[in-house]
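The values are calculated or read from the model by the stated rules, or taken from the named source; none is laboratory data. Here the structure is a predicted model, which means the values were calculated and not measured. Quick reminder, even Gly has a Cβ in these numbers, built from the backbone with ideal geometry, and neighbours come from all protein chains shown.
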Amino acid sequence: MVKVNFSIEEVNFDDKGLIPAIIQDITTNRVLMLGYMNKDALQKTIETERTWFWSRSRQKLWNKGETSGNYHQVVSITLDCDNDTLLVKVIPNGPTCHTGEYTCFYKEENPPATPEIITEVYNVILERKKTMPENSYVAKKMQEGLDRILKKIPEEAGELVIASKNQNEKEIIYELADLIFHSLLILGYFDIPIQKLYEELKSRRK
């Protein structure tokens, strides 16, 4: 059930019956996109737990992910202090931008690496699994099957052990990244939401 802190009667739609909706990844806190909702779109978003918008160019309702499969699982919707902007927190299933980027706000030059990169990489894995592009390592591994993916885990773990024994910081980082990446392939193979991994890690924080 979507958490909502307001009633629809409180919403200040503009003179065209619209309200801007900021879509935010609840896992990474990254802003994914900005869309516009009318009353029907907002109601459908709450009822279906998927994001719906009003297309100002096509003059019709549209459901994010309806054709691409890259939908948003809606967790909560918050109305701002002036009741004229919505903050919609979601769990994205794949990239949000039509370009294939994780977020529509991807044009920042040389953004610093942050922990959110794990979610971004996982979303790319899901997208590659779905589209199976040529020359994609992820697509190749998915085609080879689970056993070939699992074979990489002890291989990468062994290389991490060797790098650690050699006390080589650069190699430790490189091999650990390899191990994490191939572990994410397993999650992707089974279509397990990465949020479940984060929740499990959170439960171990004592």
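The sole residue among R205, R128 that is in contact with a Ser or Thr (Cβ under 9 Å, 6 or more places away or on another chain) and under 30 Å from F105 (Cβ atoms) is R128.
Set side by side, the residues L197, L184 differ, and just one is without any contact (Cβ under 8 Å) to a residue 12 or more places away in the chain, out of contact with any Asp or Glu (no Cβ under 8 Å at 6 or more places or on another chain), assigned to a helix (DSSP H, G or I) and surrounded by 15 or more Cβ atoms within 10 Å (Cβ to Cβ), which is L197. A count restricted to the range 40-65 and to residues that are within 15 Å of V11 (Cβ to Cβ) and not aromatic (F, W, Y) stands at 7.
Looking across the range 38-53, the residues that are outside any helix (DSSP H, G or I) and over 16 Å from T96 (Cβ atoms) come down to N38, E49. Restricting to the range 66-95, what's the tally of residues that are more than 23 Å from E10 (Cα to Cα), of a type in the set (S, T, N, Q) and surrounded by 15 or more Cβ atoms within 10 Å (Cβ to Cβ)? Qualifying residue count for the region: 4. Restricting the range 20-37 to residues that are among the polar types (S, T, N, Q) and not in a strand (DSSP E or B) leaves a set whose member that is farthest from the chain's Cα centre (by Cα) is N29.
Residue check: T67 meets all listed conditions (1) at pLDDT 95 or above; (2) more than 16 Å from M1 (Cα to Cα) but one, namely (1).
If the condition is being modelled with pLDDT of 90 or more, among the aromatic types (F, W, Y) and in contact with a Cys (Cβ under 9 Å, 6 or more places away or on another chain), then the range 100-139 contributes only F105. N12 meets the conditions (1) of a type outside the set (S, T, Y); (2) part of a strand (DSSP E or B); (3) surrounded by fewer than 12 Cβ atoms within 10 Å (Cβ to Cβ) in every case but one. The failed one is (2).
Cβ-Cβ distances below 8 Å connect the following pairs, each with a first residue in the range 148-176 that is under 20 Å from V138 (Cα atoms), a second residue that is assigned to a helix (DSSP H, G or I) and polar (S, T, N, Q), and a separation of six or more residues or different chains: I153/S183.
Scanning the range 85-97 for residues that are at pLDDT 90 or above and either out of contact with any strand residue (DSSP E or B) (no Cβ under 6 Å at 6 or more places or on another chain) or more than 18 Å from T45 (Cα to Cα) (or both) returns a single hit, C97. Kindly establish whether N63 is in contact (Cβ under 8 Å) with a residue 40 or more places away in the chain and polar (S, T, N, Q). No, not satisfied. Of the residues contained in the range 54-65, one or more are found to be surrounded by fewer than 19 Cβ atoms within 10 Å (Cβ to Cβ), in a strand (DSSP E or B) and of a type in the set (A, V, I, L, M).
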